[in-house]
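The values are calculated or read from the model by the stated rules, or taken from the named source; none is laboratory data. These figures come from a predicted structure and were not determined experimentally. Neighbour counts run over all protein chains shown; Cβ positions are idealised from the backbone, glycine included. When the accessible area is computed, the model is the full protein with side chains, heavy atoms only, and any ligands, DNA or RNA have been set aside. Shrake-Rupley method; radii C 1.70, N 1.55, O 1.52, S 1.80 Å.
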Amino acid sequence: MEPFVAGWKGRADESGGTVAGMSAPGWGIVMTAREPGNLVLANVAYHLGLGAREAHVYLDDPDDRAAETLAALPGVRLTLCDTDHWQRLARRRPEGQNRRQGLNATHAYRLADVDWLIHLDADEFLRPMRGVAAMHAELAAFPRGFGYVSVPPAERVMPRDAAQVGLFDGVFRRPARVPPRLHRALYGEAADFLDGGMCSHASGKAFTPTGFDYQIRIHRPRAGKTDPLPAHSALKAQAVELLHFDGLTPLHWLVKLLRYGEHAAEVQAGMNGPHRMRQVAALRDAGDIAAVRALYERVQVLAPAQKARLAALGLCDTAPFDPAPVIARVLEDVPDLSVARFDADLRRAHENSPNPRLAELVGRWPG
């Protein structure tokens, strides 16, 4: 594998000073990652460039080659999820990824030296909607100890009339909690594979204030024994959104579904909702590469008329997202974030997979 190492440049700290007369809060991220190194590096560098003071990174593969580069970045607290790590946290490595993520996120929460911590996946990027200062003002104004700030998601999809070249190309589908008939009218043949108009989750993620007895879960904190969360404890963020790239490329999306399918049905059900289970089942039943590609097109691609309809209803944002300028504040060289490089890394990672469907997919995928 080609090295993805990029030199540390030093970041512009946007988190200091005051916001509307209040001290700007310190915030950090936590993630458990098992993805191509360029994606993890890009995600961490991007959030450090936005002003995150800490990035708690748990590498699910303790032999991950990204470790050395990540560990060299100031602000990163790196943990290799080896046997000793899981012995300390749970006696053994949990099979379900949600359980592993929750344990790691809570572990980071106990150690964090910032005011707020948010759990992200490597394919999720915060986008301040009116600048970082507005995001800080929103966090600073929230009364600590009365809940958390919920960051709403926007999920990347590709327009049918646009070819994807970079990992972050595309437009963003927003959640729509509507009656079933309207849901089907809006999303057509993709409706059965979506929840609230989203292929993955419509829940977003949570900025959780530190210093309380909370358990951090995938989308939100849970009450601890000494600090119960009051009912209706979430405030929906207005100054920041969560961009979710559920499948950075078509191959990445399909690999993700096949990896979900490796688990027992009860473990899958604990990780995913019914709509995701239907995606996994449809991929399992797809007979060839053409059928596999057709499933992706059905779920993750918008025809021009559908894109226009969703945009008119406020359910599709066409503003582009390019994290490279923010990443460049942190790294000497921005990692290669092309589709070609990313898919090449996926092939190398899974070409010898014990899952025959996965090995076949990466071996036969064009490009």
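Observations, loosely collected:
- Put simply, the Cα atoms of region 160-225 extend 50, 35, 14 Å along their principal axes, the longest span coming first.
- Mean Cβ count within 10 Å, highest first, over the residues of peptides 196-203, 268-275: 196-203, 268-275
- A dipole drawn for region 122-238 from +1 and -1 charges on Cβ atoms has a positive end, and of Val157, Ala122, Ala206 the residue lying farthest that way is Ala206.
- Charged side chains reduced to their Cβ positions (Lys and Arg at +1, Asp and Glu at -1) give region 183-256 a dipole of some 220 debye around its Cα centre.
- Over region 111-185, volume per residue of the alpha carbon convex hull, in Å³: 177
- Calculated SAXS-style log₁₀ I(q)/I(0) at q = 0.11, 0.14, 0.24 Å⁻¹ - region 248-313, Debye, Cα scatterers: -0.32, -0.49, -1.02
- Grouping the Cα pair distances of region 57-201 into 5 Å bins from zero gives a pair-distance distribution of 2, 7, 12, 14, 15, 16, 15, 11, 6, 2, 0 percent in increasing distance order.
- Residues of the chain: accessible area per residue with a 1.4 Å probe, Å²: 43
- The chain: calculated mean residue ellipticity at 222 nm from DSSP helix runs of at least 4, using -39500 (n - 2.57): -11000 deg cm²/dmol
- Dipole check for the chain: with +1 at the C-beta of Lys and Arg, -1 at the C-beta of Asp and Glu, and the Cα centre as origin, the magnitude is about 1100 Debye.
- Volume per residue of the convex hull around the Cα atoms, evaluated for region 70-118, comes out as 91 Å³.
- Compared with the direct C-alpha span, the chain from Glu332 to Glu360 gains 6.4 nm at full extension, assuming 0.36 nm per residue.
- With all protein chains modelled, accessible area of Lys256 [1.4 Å, Å²]: 30
- Here the accessible area is traced with a 1.4 Å probe on the protein chains. For region 42-116, carbon and sulfur cover 41 percent of it.
- Whole-Å semi-axes of region 320-366's equivalent ellipsoid (Cα gyration tensor): 30, 11, 8
- Normalised convex hull volume, region 123-235, alpha-carbon set, Å³ per residue: 146
- Taking all Cα-Cα distances within region 196-270, those exceeding 19 Å account for 55%.
- Rounded to two decimals, the Cα-based Rg/Rh of the chain, with Kirkwood Rh, is 0.94.
- Gyration tensor verdict on region 221-349 (Cα atoms; rounded if a/c is under 1.5, prolate if a/b is larger than b/c, oblate otherwise): rounded
- Region 184-264 - percent of accessible surface contributed by carbon and sulfur, probe 1.4 Å: 48
- Computed on region 155-260, with alpha-carbon pairs under 8 angstrom and 6+ residues apart, the relative contact order is 23 percent.
- Using C-alpha pairs under 8 Å with a sequence gap of at least 6, the mean separation divided by the residue count of the chain gives a relative contact order of 23 percent.
- Principal axis extents of the Cα atoms in region 289-341, from largest to smallest and rounded to whole angstrom, are 41, 34, 12.
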